[in-house]
Amino acid sequence: MKNCSHTTECGVPHGSVLGPILFLLYDAVIQLLIEDCGLHPQHLADNTQIYGFCSPMPSSCMELQSRISDCIDFASSWMRSHMLQLNIAKTEIIWLTTGRRSHLLPQQPLQDGSDLITPVLVVRDLGIHIDADVSMRSHVMKTMSACFAVLRRLRGIHRSVPRTVFQSLVSCLVLPQLDYCNFATQCRPAFHYTLHAACNW
């Protein structure tokens, strides 16, 4: 394989340790654009989240939806002018409220140019599955499913390995899934009990 060099006028080499730092400096303007729309940004590397708050009244929801739509348009235009691209396939919007008020929220999609972003009922944020009614039901169910899938596989070898080895496998493969973001279910005692049932399986 022959190595060859190329001159680049923008960007950094793929995998460079400077990549995340320079990218944050490069797209720092996005935060100002979001705040100018009266919304709240949160950045994690190349992942940007936009938060907004309103009362559950239809007029307030529509006003917030309009601000979010304008914000996405501004951000998308800025990104295009700076040789970046908004990944519509990974762009999600979720309305969070209690189950009793979910019918008051708008269901129509947001528009970004020719693309439509339809509201979803569950999003995954840093490993936590968040439901639109903030019940944490999806997170608990997916965590339980993952834990029991591992336990079913371990059951096939538990007679072939020493008990200490089996316990170590459970500690390494199951308990971390239960412990990760365990605080998210603390306010839901029933779900908290369900999760810890996997420990006694």
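Every number here is computed from the coordinates shown, using simple stated rules; none is lab data. Quick caveat: nothing in here was measured; it's all calculated off a predicted structure.
Phi angles of segment 92-98 translate, via the Karplus equation with coefficients 6.51, -1.76, 1.60 and θ = phi - 60°, into HN-Hα couplings of 10, 9, 9, 9, 10, 6, 6 Hz per residue; Gly and Pro are given as x.
In order along segment 144-154, phi translates into HN-Hα couplings of 4, 4, 5, 5, 5, 5, 5, 5, 5, 5, 5 Hz, rounded to whole numbers, per the Karplus curve 6.51 cos²θ - 1.76 cosθ + 1.60 with θ = phi - 60° and x for Gly and Pro. Amide hydrogen proximity for residue 136: with H placed 1.01 Å from N in the peptide plane, the residues at 5 or more positions away or on another chain lying under 5 Å are 131.
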